[in-house]
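Heads up: the structure comes next, in structure tokens.
The values are calculated or read from the model by the stated rules, or taken from the named source; none is laboratory data. Only a predicted model underlies this, so the values are computations on that prediction, with no experimental measurement involved. Backbone-built Cβ (ideal geometry, glycine too); neighbour counts: all protein chains shown. Note: accessible area is taken over every heavy atom of the protein model, side chains too, but ligands, DNA and RNA are not part of it. Shrake-Rupley method; radii C 1.70, N 1.55, O 1.52, S 1.80 Å.
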Amino acid sequence: MKIEDCMADFQIPQHLHYMDSAATSLIPEPVIASMNEYDRQYRANVGRGMHRLTRVATQRYQDAHDSISSFIGGNKGTTVFTKNTTEAINMVAAGLEWQPGDRVVTTIAEHHSNLLPWLRLRQKGVEIVIVRPGPDGIFDIDIFDEAITADTRLVAVSHVSNVLGTVQPVHEIAATCKEQGAYFLVDGAQSVPHFPVSAQHMGCDFLCFSGHKMLGPTGTGVLWMRNAAISPLISPLIIGGGTVDDVTTEGYTLTGGYQRFEGGTPNISGAIGLAQAAKYLESLGMDAICRHEQKLTKRLLSGLANIDHVTVYGPHNIKNRIGVVSFIIDRIHPHEIAYLLDERVSILVRSGDHCCIPLMRYLGFENGTVRASLYLYNTLEEIDLLIETIEEIARMV
Ligand SMILES: Cc1ncc(COP(=O)(O)O)c(C=O)c1O
């Protein structure tokens, strides 16, 4: 299928121009249909019992794990379904055994979900080192080389900034982590939906991302772990039904694989919907999606660059960035700009701190930014409408 042909699959009111996909993407009809099919035709619990519906549901649920592993090039690892990226990161932060003096390296550009779980480890005597990017949001690899020392236990970095759209040098960071014997956790919330990501090839140990940002249902996310040697080191947050090999009144033996981490009845229709979303993206081609978004981003960046009183943050060319574009207009609050875009032309963007308060302070964005975040269903016509309307609003200054 071609990208231009998929618009009809997204059935939001057609007059709305949705540019808030970094928060949550729209969902296409085939994903909704796959979840309805489960609820209507083979709804049953999974991993329990022998009747025909539970067998079908269990098979589809396992297939969903396989599809997602393959989507992120991670077939050799363990793919655990979570509620979202936040839960996946917390599972690692809370699940590893920490010793006083351990060191975690992260960055000031992280979403709160990839910062708070590490900051909390200070209570256990863990040292948290926070590195800072240059003004365009790009990290020099030397900064990581310096910060990642032999006593660094884990490095946690977002692949793509949800404020600046910048793509971080994860391959290089992975190589440094390997040299120093540190685990590498990549927050892929803003990368996995937008360009081909291969977890195995990238060299990370953990990859966390959200289903609802990649055309899947809300309440879905993924924690991928590199190999069978890593998952036993993570103590599951929740244990109970489905997570054990054996139980006596004295104790229990936890099972392996994804089952170890998915205690209780999981979000079965969500998992099936998420796998369908990955298939949908694959049918369009992640490379084609990336090219489409680059075309839109290029037009938006060059359009905004020519407007007086508008400042765009992040790199001004499309190299090493995605279609997450943050900007401000002098003397107009970002919330007001977002409100005017909606009121005047039904363009829906996000405004505020984007759950990145330390980054906002570091870059001096007092009231945050306006953020337009683009996806495969956006068009050049919509970008032109955004530029035109920003021009009008900027004339009010
Ligand atoms: C880079 C990044 N990490 C983590 C998250 C948290 O995602 P979720 O709310 O799905 O847990 C987000 C959400 O915007 C994000 O952009």
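A compact table of results
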| item | result |
| --- | --- |
| Max mean-square fluctuation residue, GNM over the chain, Cα-Cα springs under 10 Å, options I272, I138, I239 | I239 |
| Residue-wise HN-Hα coupling along the stretch 260-266, computed from phi with Karplus coefficients 6.51, -1.76, 1.60 (Hz; x: Gly, Pro) | 4, 9, 10, x, x, 5, x |
| Principal-axis tilt of helix 29-41 within the chain, Cα atoms, nearest 10 degrees | 30 |
| Long-range amide H partners of S351 with built H, under 5 Å | R371 |
| Label-point gap, in nm, between A33 and T218 - each point 7 angstrom along Cα→Cβ | 2.5 |
| Backbone HN-Hα couplings from phi across the stretch 134-144 [Karplus 6.51/-1.76/1.60, Hz, Gly and Pro as x] | x, x, 8, x, 8, 8, 6, 4, 4, 4, 6 |
| For the stretch 43-50, Karplus couplings with θ = phi - 60° (6.51, -1.76, 1.60), whole Hz, Gly/Pro x | 5, 6, 6, 10, x, 9, x, 10 |
| Other-chain or far-sequence residues with amide H under 5 Å of D20's (modelled H) | S373 |
| Calculated [θ] (222 nm, deg cm²/dmol) that DSSP helices of n ≥ 4 give over the chain, each run adding -39,500 (n - 2.57) | -11000 deg cm²/dmol |
| Helix 52-71 axis, angle to the chain major axis (alpha carbon atoms, nearest 10°) | 50 |
| Those lysines that a straight Cα-Cα span of less than 19 Å connects to K213, excepting residues fewer than 8 apart in one chain | K83, K279 |
| Accessible area of the chain belonging to carbon and sulfur atoms, whole % at 1.4 Å probe | 50 |
| Rounded tilt (10° steps) of 334-345 against the dominant C-alpha axis of the chain | 80 |
| Within the stretch 357-397: Cβ-based charge dipole about Cα centre, in debye rounded to nearest 20 (Lys, Arg +1; Asp, Glu -1) | 360 |
